[in-house]
Every structure is written in C-alpha cells, then in structure tokens.
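J.: One structure coming up, written as structure tokens, with questions to follow.
The values are calculated or read from the model by the stated rules, or taken from the named source; none is laboratory data. The shown structure was predicted, so the numbers you read here are calculated from the model rather than taken from an experiment. Methodologically, a virtual Cβ is constructed for each residue, glycine included, from the backbone with ideal geometry; neighbour enumeration extends over all protein chains shown.
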Amino acid sequence: MSEGQHRGSFRYATSIAITVVALALVGFGALSLLPQRGDVSSPLKTLDDLASAYLRVHPGETRASQLGTLGFDTTTGNVHVLSYLGLIERYTNGDSRKFDLLDGALQDCIESRDRCTGFVFQPADQATRRHGVLASLGLGAANAADNGAEVMIIVRNGRVAYKTMIGMPASVVARVAAQTPARTAMPAESATYRSVE
C-alpha cells in the first residue's frame, strides 16, 4: 500500500469515527430533552399516596374516568400503559400455561383484547430515582434493579376489572388502611396484594 493510499484510509476512518461520536452526542442530547417519567406532576408522590389511592379503587365498581380523581392520573409521567399484549407478556413471560393460573377477571380482560388496558403506577419519588441513558431507555442493570412498589390497574370496557399492588411494605399498607374509612379499605374481589416484608 502506498503512502498516499494509507493517508486516504486514515482520513476516511477518522471522518467516520468523528461522525459516529457527533451523532451519539446529538442523540444523547435529544434524549435529555424528552420528558422524563417524573417530569409531570403526580398526586402519587410517596408510598403512602400510592397505598391510599389503591385502597380507594374497587374492581367492578370504579369507572376508568374516576381514576384521576382517586389519584391514578393516567396522563402523568409515572404511569406505563399496557395493551392486552403487554399484559400477556407481563403475566405469562412467554409460558402459555401461566395464563390458566391467572385470576378469572384478568383472563377475561386479556381475552377481550382491544377493550382491555393495563396501567402501572409508581410513586413519583421512586420514578425519578432512575438515572442514566440505559435506565431512560428501560435497558440494563439500572432498569432491572428498580423493583420498587407499583400498582397495576386493569380496565375493561371502561371499568376497573382487576387491581394488584406489588412490592409495598406491609407496614405502609396497614398504616394507611388504619387511616382510611372502612368502606374504602375493604379489599375488593379480583384484587391481589404482595408485600416485600
């Protein structure tokens, strides 16, 4: 290879490297301009807020239009919306046998396809704890390590069909339930709860 060809190859490789670095910087800059999960004001700021709102939702009775007034505002940054396909993925992990083990209300909702939507809520203080590019894309160990408290509400035909709370310390639920009026604190049918304690 002559010296002239070597210089041309070096310039070509250098220009490609500079272009890749520039595009990466522009891409990461654009990501930082996107709204973050905690950017929108949410009434669910703490675990207590999340537990209190959860206790006020009653499957079969609560309409989807009432969720915002109960604290579950679906327009905030701390909510993930799941279609029936997202619900299947979340609850069965690719194993169709797990579908038969699901609560009947959840099975009915998933089978109704387009009339079924899931909403996953986290308290705002937990949603804003995620840092880094991988976490903002929902990738990597930063995302996998974020297994905090969350509430999932499944809506079918405009009414809450199912609700579940995962990762909530039992002491928080007990404290909030003791402060909540009896009708509101009653567990409803088709509701599940798993504690971290």
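J.: Of everything in the stretch 78-106 that's under 24 Å from Gly148 (Cβ atoms) and hydroxyl-bearing (Ser, Thr, Tyr), which residue is surrounded by the most Cβ atoms within 10 Å (Cβ to Cβ)?
T.: The first filter runs over the stretch 78-106 and keeps only residues under 24 Å from Gly148 (Cβ atoms), leaving 78-83, 86-93, 98, 102-103, 106.
Within this subset, residues satisfying the condition of being hydroxyl-bearing (Ser, Thr, Tyr) are 83, 91-92.
Values: Ser83: 14, Tyr91: 20, Thr92: 16.
Looking at the filtered set, the residue picked out is Tyr91.
J.: Of the conditions (1) modelled with pLDDT of 80 or more; (2) part of a helix (DSSP H, G or I); (3) not small (Gly, Ala, Ser), Asp125 clears all except one; give me its number.
T.: (1) is the only condition that Asp125 fails.
J.: Being more than 17 Å from Gly167 (Cβ to Cβ) and polar (S, T, N, Q) is the filter here, so list the residues in the stretch 39-95 that pass it.
T.: If the condition is that a residue be more than 17 Å from Gly167 (Cβ to Cβ) and polar (S, T, N, Q), then Ser41, Ser42, Thr62, Ser65, Gln66, Thr69, Thr74, Thr75, Thr76, Ser83, Thr92, Asn93 are the ones that fit.
J.: Name, by its number, the condition in (1) touching a Phe, Trp or Tyr at 6+ places or on another chain (Cβ under 6 Å); (2) at pLDDT below 80 that does not hold for Val79.
T.: All conditions are met except number (2).
J.: Within the stretch 108-122, work out how many residues are assigned to a loop (DSSP other than H, G, I, E, B) and within 15 Å of Val160 (Cβ to Cβ).
T.: Residues of the stretch 108-122 assigned to a loop (DSSP other than H, G, I, E, B): 112, 122.
If we keep only those that are within 15 Å of Val160 (Cβ to Cβ) as well, we get 112.
Residues meeting the conditions: 1.
J.: Continuing with the same structure: Test of understanding: among Leu87, Leu67, Leu55, which residue is more than 18 Å from Arg115 (Cβ to Cβ) and touching a residue at least 40 places away in the same chain (Cβ under 8 Å)?
T.: That would be Leu55, the only listed residue that is more than 18 Å from Arg115 (Cβ to Cβ) and touching a residue at least 40 places away in the same chain (Cβ under 8 Å).
J.: Okay, moving on. Would you mind stating whether Gly167 is of a type in the set (Gly, Ala, Ser), assigned to a loop (DSSP other than H, G, I, E, B), modelled with pLDDT of 70 or more and surrounded by fewer than 18 Cβ atoms within 10 Å (Cβ to Cβ)?
T.: Taking the combined requirement at face value, the residue does not satisfy it.
J.: Looking at (1) within 22 Å of Met152 (Cα to Cα); (2) modelled with pLDDT under 85, which is the one condition that is false for Phe72?
T.: It is condition (2) that Phe72 fails.
J.: Output the qualifying pairs, or none if there are none: Cβ atoms under 6 angstrom, residues six or more apart or on different chains, first residue in the stretch 99-116 and in contact (Cβ under 8 Å) with a residue 24 or more places away in the chain, second residue surrounded by fewer than 16 Cβ atoms within 10 Å (Cβ to Cβ) and not acidic (Asp, Glu).
T.: Within 6 Å, the pairs are Arg115/Asn157.
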